[in-house]
Amino acid sequence: MATQKLLLLPGDGIGVEVMAEVKRLIAFLNQTGLASFETEEDLVGGAAYDAHGKAISEDAMKLADQADAVMFGAVGGPKWADVPYEARPEAGLLRLRKDLGLFANLRPAVCYPALAEASSLKRELVEGLDIMIVRELTGGVYFGEPKEIVTLENGEKRAVDTQVYTTHEIERIARVAFDLAKVRRGLVHSSEKHNVMKSGVLWKQVVTEVHKAEYADVKLEHILADNCGMQLVRTPKQFDVIVCDNLFGDMLSDVAAMLTGSLGMLPSAALGAEDAKTGKRKAMYEPVHGSAPDIAGKGLANPIATLASFGMALRYSFGLSEAADRLDAAISAVLSEGLRTKDIASAGQNAVSTGEMGAAVIKAMG
Ligand code: NAD
């Protein structure tokens, strides 16, 4: 079995605590021969600022570039509230995304049957839910120019953000969505607003062309982004993969996330372009949550979001789908047994620590 190179960037606050459980899982996979990982570890966020005066060092960036995948914990906290803007902890995360060219954000929304009660929707609507939102991450209105606030001659102010997409940007994100659908349930919803936005017209046209030319075996539906938001809370199980731009993806993925309960349960991946020679993509995996200063250092953090992010790495970067399936089944099993960290425990239910939850998941894999 080929040895895979993984860079661990635990970061700050609970990032360090949840990453400790990933390290235990890696040791288990290496020991049992289910995988072969070589890991390096470095600082990011506030921890990197304290050591180097910047949110990520050049050495860490080099390691990230050379790794087969990066596992990221979380960054930030009140301690760094007043550091210069360019050195703020989040700058480390943004630099990684930008320099590694991570244009595709994968946000699964999976509702474990044991946690269906934690959703704001009725059990029957969310139980067994398994959808994947594919959000374009490096283009669109968050980055388009001009982006400014100007003062007009009459003294009034005018703010401008620019929504821009090129054919190439739409094609590559569409391919990520279709490729995922092929190994899932074979359905892609492409979500935009072609009724009122030119970028939506081009988005719909390009996705249709990519589908026709390369993915006739996948079913494609087009859905207006506002309707998509509505349908996500009406009948979420109708979806398999949803692909959308940066802005709509930001909102739709948060809507989908809330169908599943706690922030401590949500994994994510960010993927770059396929290397023409090796066929591999640059990739970074991270929980959706932040560094949770309110619970940091207390052993209260739920490690499942980070363990499930590592599960995505097993599946999408390392082709270890058997190990990934085992991890998913183990998470589901411990939840069914009633094990809960504080964030997902109901009133009166005993809560376990970060370490106890991690150990239980690993035990259930054995
Ligand atoms: P947060 O996600 O850190 O916490 C929000 C709430 O959810 C808190 O009450 C926290 O205790 C709880 N929570 C989060 N993850 C949990 C887990 N795994 N288990 C149990 N409970 C969990 O968001 P915030 O409080 O808005 O931000 C705190 C810091 O994190 C800020 O500095 C912010 O900038 C940073 N942040 C970083 C990232 C990132 O690194 N990707 C993302 C979001 C926020």
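The values are calculated or read from the model by the stated rules, or taken from the named source; none is laboratory data. If you're wondering where the values come from, they're calculated on a predicted model, not measured in any experiment. Neighbour counts are summed over all protein chains in view; Cβ atoms, including those assigned to glycine, are modelled from backbone coordinates with ideal geometry.
With the condition kept exactly as written, say whether any residue in region 323-332 is in a loop (DSSP other than H, G, I, E, B) and either more than 11 Å from the ligand (Cβ to nearest atom) or closer than 22 Å to Leu9 by Cα (or both).
no
What residue, among those in region 185-206 that are touching a Phe, Trp or Tyr at 6+ places or on another chain (Cβ under 9 Å) and hydrophobic (A, V, I, L, M, F, W, C), is farthest from Val141 (Cα to Cα)?
Looking at residues that are touching a Phe, Trp or Tyr at 6+ places or on another chain (Cβ under 9 Å) and hydrophobic (A, V, I, L, M, F, W, C), I get Leu187.
With the condition being buried (at least 17 other Cβ atoms within 10 Å of the Cβ) and over 21 Å from the mean Cα position of the chain (by Cα), I'd like the helices (runs of 4 or more DSSP H) fully within region 190-304 carrying at least 2 qualifying residues.
198-214
Among the listed residues Gly261, Gly311, which satisfies the condition of being within 24 Å of Leu121 (Cα to Cα), touching a residue at least 12 places away in the same chain (Cβ under 8 Å), within 16 Å of the ligand (Cβ to nearest atom) and touching a Leu at 6+ places or on another chain (Cβ under 6 Å)?
So the residue among Gly261, Gly311 that is within 24 Å of Leu121 (Cα to Cα), touching a residue at least 12 places away in the same chain (Cβ under 8 Å), within 16 Å of the ligand (Cβ to nearest atom) and touching a Leu at 6+ places or on another chain (Cβ under 6 Å) is Gly261.
Given Met19, Met1, which one is part of a loop (DSSP other than H, G, I, E, B) and either away from the ligand (no atom under 13 Å from the Cβ) or crowded, with 16+ Cβ neighbours inside 10 Å (or both)?
After applying the criteria, what remains is Met1.
Within region 30-47, restricting attention to residues that are more than 16 Å from the ligand (Cβ to nearest atom) and not in a loop (DSSP other than H, G, I, E, B), which residue is surrounded by the fewest Cβ atoms within 10 Å (Cβ to Cβ)?
Among them, the one singled out is Gln31.
Go through region 154-177 and count every residue that is touching a residue at least 60 places away in the same chain (Cβ under 8 Å) and either within 21 Å of Glu221 (Cα to Cα) or under 21 Å from the mean Cα position of the chain (by Cα) (or both).
Of the residues in that region, 7 qualify.
Conditions first: (1) modelled with pLDDT of 95 or more; (2) more than 28 Å from Asp179 (Cβ to Cβ); (3) small (Gly, Ala, Ser). Ser262 passes all but one, so which condition is the exception?
(1)
How about region 48-59: which of its residues are hydrophobic (A, V, I, L, M, F, W, C) and more than 15 Å from the ligand (Cβ to nearest atom)?
Correct list: Ala51 only.
Kindly list the number of the only condition in (1) farther than 24 Å from Gly101 by Cβ; (2) at pLDDT 95 or above; (3) touching a strand residue (DSSP E or B) at 6+ places or on another chain (Cβ under 6 Å); (4) not in a loop (DSSP other than H, G, I, E, B) that fails for Ser309.
Single failed check for Ser309: (1).
Tell me yes or no: at least one residue of region 193-211 is touching a strand residue (DSSP E or B) at 6+ places or on another chain (Cβ under 9 Å), within 16 Å of the ligand (Cβ to nearest atom) and among the aromatic types (Phe, Trp, Tyr).
Checking region 193-211: not a single residue is touching a strand residue (DSSP E or B) at 6+ places or on another chain (Cβ under 9 Å), within 16 Å of the ligand (Cβ to nearest atom) and among the aromatic types (Phe, Trp, Tyr).
Find the residue count for region 265-288, including only residues that are under 19 Å from Tyr165 (Cα atoms) and either of a type in the set (Phe, Trp, Tyr) or at pLDDT below 95 (or both).
Number of matching residues: 1.
Take Ala118 and tell me if it is under 21 Å from the mean Cα position of the chain (by Cα) and within 17 Å of Leu263 (Cβ to Cβ).
Answer is yes for this residue.
Of the numbered conditions (1) modelled with pLDDT under 95; (2) under 23 Å from Asp250 (Cα atoms); (3) of a type in the set (S, T, N, Q), Ser291 fails exactly one; give the number of that condition.
Only one criterion is unmet by Ser291, namely (1).
Does Leu300 satisfy being in contact with a helix residue (DSSP H, G or I) (Cβ under 7 Å, 6 or more places away or on another chain) and either without any contact (Cβ under 8 Å) to a residue 40 or more places away in the chain or more than 10 Å from the ligand (Cβ to nearest atom) (or both)?
No.
So which residues in region 268-284 are within 16 Å of the ligand (Cβ to nearest atom) and either of a type in the set (Val, Ile, Thr) or within 23 Å of Ala225 (Cα to Cα) (or both)?
Scanning region 268-284 gives Ser268, Ala269, Ala270.
For region 347-361, which residues satisfy the criterion of being part of a helix (DSSP H, G or I) and surrounded by fewer than 19 Cβ atoms within 10 Å (Cβ to Cβ)?
Gly355, Glu356, Ala359, Ala360
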